[in-house]
């Protein structure tokens, strides 16, 4: 079996893992645009495409944060642009209670963020991703991290 | 003849009353049952009648019933011994299944509990924490299945006598027993009109007017009372099918625990409440209110200081 030519760089510094849910219609296209436009953003983001931010139940966010992720970012269409009319408004209503519950689980509410990114806002996606990675890096690893 | 061994651990005794409350069906069951160990009924000591024994003695039995969670080392030892001596072990009541009301104490660290109970309480004369001749407390309250394997779960605070009969009959016939994964709402007779709730009212503000039947009432959640029906397992009504608290005109408090194993009623409920447009901040003491009976399994824990 061929060995990789270059050994992966491993440092002991904390590298946050930020799970990102992107909606199929705006934010995922926005992230795609950031990619094809070769915009730089941290590699700590792991994107999961979902049909709408309205389908992201608080259980998914809490589960991610209590089972190893250091942060969770949810990106969807701007208010009024939702492909399903009101899915992102539902996500917005849930975001508040997710932040409250993170306190019950002993986590900083800053580990979670909800941002609107349209399909044309590649630069904004890169900015939003950089912001949360830096914020989580400053907070340190999640206490649930194994 | 099936031998039954029953043990109560960290519990109020309500589940034993519920066994007695089976009523007439108990008369049909009794000829097939032989209670060989039941501290609430008979005087059977663990270490011989005069304490001369050196090992814990719990008689062999086909069916073991444990009520109550595990709070101290003695209870842990009894639970382990029960598991060894019984072929089928039933966890009876919310305390045995998920920690129950006592597990609300899991929100606090041990020093705070001792301080409150023995010193800080207004009605208590301050004294040292007793330690002599007492089994040490476990670090938190455990459900029975966190310590030993459990074959059947019968949640409820207390559980319904009908369910006890059903479970015992199933065990006598050698069949497995489990409750269906349905929510309290599936068995609730109230009418839903799908209208959003704007604020949470407390149950002491009048609910179902006296004289009005629950069948003609609207969904309590829609009326603004925090009802845990959507995230709670059904079955408390027994043969009557109508959930017991709803029958009494009170909202569900969640004693039957999560609908699916491993689900988190608090997260589910908060997700549902915020989706219908309710301010999540308006729920008083959310962590304990929404996990009132399910504090074991690390669901309720002291918050790390930040």
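What follows draws every value from the coordinates through simple rules; no lab data is involved. Since this is a predicted model, take the numbers as computed values, not measurements. Note that we place each Cβ from the backbone using ideal geometry, even for glycine, and neighbour counts take in every protein chain shown.
Working from Cα pairs under 8 Å separated by at least six residues, relative contact order for segment B:181-297 is 29 percent. Summed over all non-identical Cα pairs, the Kirkwood treatment of segment A:1-131 gives a radius of 15.5 Å. Packing, taken as the mean count of other beta carbons within 10 Å per residue, orders the peptides B:125-134, B:170-179, B:96-105 from highest to lowest as B:96-105, B:170-179, B:125-134. Of the peptides A:101-110, B:82-91, A:40-49, the order by per-residue mean of other Cβ atoms within 10 Å, starting with the highest, comes out as B:82-91, A:101-110, A:40-49.
Here the relative contact order of segment B:6-93, from alpha carbon pairs under 8 Å that lie six or more residues apart, stands at 37 percent.
Full extension of the chain between residue B:44 and residue B:117 yields a length gain of 23.2 nm, computed as 0.36 nm times the residue separation minus the alpha carbon distance. Taking the helices alone, chain B has a mean residue ellipticity at 222 nm of -6000 deg cm²/dmol, built from -39,500 (n - 2.57) per DSSP H run of at least 4 residues and averaged over all its residues. Remark: relative contact order (chain B) = 19 percent; criterion is Cα-Cα distance under 8 angstrom and separation of 6 or more residues.
Distance between the C-alpha centres of segment A:110-139 and segment A:35-81: 9 Å, rounded to the whole angstrom.
Three principal axis extents describe the C-alpha atoms of segment B:70-228; from largest down they are 58, 52, 26 Å. Taking only the alpha carbons of segment B:62-120, we obtain Rg and Dmax values of 14.2, 46 Å in that order. With N counted as the residues of chain B, its alpha-carbon radius of gyration over 2.2 N^0.38 Å works out to 1.08.
Residue by residue along B:260-270, Cβ atoms of other protein chains within 10 Å of the local Cβ number 4 on average. On the principal axes of its alpha carbon atoms, segment B:3-104 extends 41, 37, 23 Å, with the longest extent given first. Apply 1/(1 + (r/R0)^6) to the Cβ-Cβ distance of residue A:103 and residue B:55, taking R0 = 35 Å, and write down the FRET efficiency to the nearest 0.05. After rounding to 0.05, the efficiency reads 0.15. According to the Cα-based calculation, Rg over Rh for the protein assembly as shown is 1.05, with Rh computed by the Kirkwood formula. The convex hull drawn around the Cα atoms of segment B:181-297, when projected onto a plane and averaged over every direction, covers 7.1 nm².
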